[in-house]
Amino acid sequence: LEVLVAPVLDPEGHNRGIVIVFHDITQLKKLERIRQDFVANVSHELKTPITSIKGFAETLLDGAMYKEEHLKHFLSIIHKEAERLHRLVEDLLQLSQIEQRRFGLNWQEVNLTEVLHNSLQVVRAKAEVKNIELIFMPPDEPAVVEADPDRVQQIVINLLSNAITYTPEGGEVRLSIDPWPDKGYRICVSDTGMGINKEEIPRIFERFYRVDWARSRASGGTDLGLAIVKHLVEAHRGEITVESEPGKGSIFCVYLYQKRQEQ
Ligand code: ADP
């Protein structure tokens, strides 16, 4: 709490009382704290791959490069870590653009079935590697909404990609479109994966939140995917819901209005 005290003087300069202003700065402090945490997180996230790239490059220069199997192995690690850095920086740039509202949506009539087919193409190889079945039953009627097709595709790709990442080999990932009565459409992505604990659900949309450090590190995720998804859904004035049962799977649904909503 910030308190300001000032005297109230009449035109002759006599003291007529005092004004006390109480300013609740809890919210400001909280924002400052979030900002500090964010900078700390970003620095940590950037440092990890950089340390690894530096270390392996040095080892190679120190002589490991003369052994073919070391050369290949270390270069592939350097490559993987560089890719991770690249993704991280791209995601951060995008998130900062979105958060500063420096991006406009390219509103148009969008056929959701088409967008979902395109999204599936992008993640198909990733699913095949894990022998995960991708199931999509398109609706009979065309599902058309006013939206930004690239952004909707990005939302769906992120959700599909998470579903594949957090589902063990041989599992199933389903994609569906249903009417959202009187409003628009609902796109759902469900998986037969590890699920998320109830307490964690409200936090997974935060930047750099990961339920379990080890599993996410192994997945190569940047922990920014769902934060971006949430912002993109909100930019469309839509809604996103999650239901999950640990050990059984998760279902993420995005609700999009058929007609563009007033800002
Ligand atoms: P990441 O890049 O780590 O996947 P996200 O922001 O996309 O980051 O997701 C945040 C966290 O939410 C993940 O680290 C993961 O723990 C959890 N999560 C997201 N999607 C799923 C899912 N389909 N099943 C289980 N856990 C999930």
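The values are calculated or read from the model by the stated rules, or taken from the named source; none is laboratory data. All values derive from a computational prediction rather than experimental measurement. Cβ coordinates were reconstructed from backbone atoms using ideal geometry, including for glycine residues, and neighbour counts include every protein chain displayed. Note: accessible area is taken over every heavy atom of the protein model, side chains too, but ligands, DNA and RNA are not part of it. Shrake-Rupley method; radii C 1.70, N 1.55, O 1.52, S 1.80 Å.
Values computed for the structure shown
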read-out: Boolean, Asn131 is at positive phi and more than 21 Å from the chain's Cα centre (by Cα); value: yes
read-out: Number of positions in the range 156-193 that are among the acidic types (Asp, Glu) and not in a strand (DSSP E or B); value: 2
read-out: Selection status of Glu90, open to solvent by 90 Å² or more (accessible area, probe 1.4 Å) and more than 26 Å from Asn41 (Cβ to Cβ); value: no
read-out: Flag for Lys30 being closer than 20 Å to Glu206 by Cα and either touching a His at 6+ places or on another chain (Cβ under 9 Å) or of a type in the set (D, E, K, R) (or both); value: yes
read-out: The range 228-243 residues that are closer than 14 Å to Asp148 by Cβ, paired with ones that are basic (Lys, Arg) and open to solvent by less than 80 Å² (accessible area, probe 1.4 Å) (beta carbon under 8 Å, 6 or more apart); value: Leu232/Arg151; Ala235/Arg151; His236/Arg151
read-out: Output for the range 62-80, where each listed residue is exposed (fewer than 13 other Cβ atoms within 10 Å of the Cβ) and closer than 18 Å to Ile50 by Cβ; value: Ser76, His79
read-out: Checking Glu2 against (1) touching a Phe, Trp or Tyr at 6+ places or on another chain (Cβ under 8 Å); (2) charged (D, E, K, R); (3) within 30 Å of Val229 (Cβ to Cβ), the condition it does not meet; value: (3)
